[in-house]
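Encoded as structure tokens, the structure appears first; notes follow it.
The values are calculated or read from the model by the stated rules, or taken from the named source; none is laboratory data. What you are looking at is a predicted structure, and each value in this text was computed from that prediction instead of being measured. Cβ sites come from the backbone with ideal geometry, for glycine too, and all protein chains shown count toward neighbours.
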Amino acid sequence: MSANMDATATSPYAAARSGSSGPALLLVARIFIAALFLVAGTRKLLAYAGTVGYFTKLGFPAADVLAAVAIAIEIGGGLMLLAGWRTRWAAWLLIVFVAVATAMAHRFWEFEPAQFNNQLNHFLKNIALIGGLLFVACFGPGRLSVDKS
């Protein structure tokens, strides 16, 4: 590649920013990722007492406060991701949230054999989710968003 060429014009993500189906695919990707957080946050809210109990069992201090924070992050971050508003910031917030949740709840190496594979799958799913959020954090939401980046 010539030193004069714009690297972004030849990147694999250039089509997603300017191609005919790229912006729509980025929107679909954001919808899919946001759905996970919106459903999880809503379920935590609807079963708040159970959420507090689970957080207590995991060893979180002030489980009632942290349950409310988790609900706010999941629903708020999910809505931000969905709308494409302050998307990069929301993606970084959700990355930290998922990393903490994974470290606290899916330590597969500590589980008995009957739960090992289930917890390993949750751990790997969360790592993949962090990977998807890193793409959003790095490349933005696309044109079909409030941010328009």
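Okay, here's what the table says:
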read-out: H122 vs. criteria surrounded by 17 or more Cβ atoms within 10 Å (Cβ to Cβ), at negative phi and free of Cβ contacts under 8 Å to residues at least 40 places away in the same chain; value: no
read-out: Counted residues, region 39-48 - those being surrounded by fewer than 19 Cβ atoms within 10 Å (Cβ to Cβ) and farther than 19 Å from A128 by Cβ; value: 6
read-out: First in region 56-68 and more than 15 Å from T102 (Cα to Cα) and in contact (Cβ under 8 Å) with a residue 24 or more places away in the chain, second anywhere and of a type in the set (K, R) and surrounded by 12 or more Cβ atoms within 10 Å (Cβ to Cβ), Cβ under 8 Å, 6 or more apart; value: none
read-out: Close pairs (6 angstrom Cβ cut-off, 6 or more residues apart or separate chains): within 13 Å of A35 (Cα to Cα) in region 73-100, exposed (fewer than 15 other Cβ atoms within 10 Å of the Cβ) anywhere; value: A83/V146
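Let's see how each residue does on (1) more than 14 Å from the chain's Cα centre (by Cα); (2) surrounded by fewer than 17 Cβ atoms within 10 Å (Cβ to Cβ); (3) not small (G, A, S):
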position	(1), (2), (3)
W85	yes, yes, yes
A91	no, no, no
N117	yes, yes, yes
C138	no, yes, yes
V146	yes, yes, yes
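This table checks each residue for (1) touching a Phe, Trp or Tyr at 6+ places or on another chain (Cβ under 9 Å); (2) within 27 Å of L144 (Cβ to Cβ).
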{"residue": "K57", "(1), (2)": "no, no"}
{"residue": "P61", "(1), (2)": "no, no"}
{"residue": "V65", "(1), (2)": "no, no"}
{"residue": "A70", "(1), (2)": "yes, no"}
{"residue": "I75", "(1), (2)": "yes, yes"}
{"residue": "M80", "(1), (2)": "yes, yes"}
{"residue": "W89", "(1), (2)": "no, yes"}
{"residue": "L94", "(1), (2)": "yes, yes"}
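Each row is one residue, and each column tells you yes or no for (1) in contact with a Cys (Cβ under 9 Å, 6 or more places away or on another chain); (2) at pLDDT below 95; (3) crowded, with 18+ Cβ neighbours inside 10 Å.
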| site | (1), (2), (3) |
| --- | --- |
| A3 | no, yes, no |
| I31 | no, no, no |
| F37 | no, no, yes |
| G50 | no, no, no |
| A67 | no, no, yes |
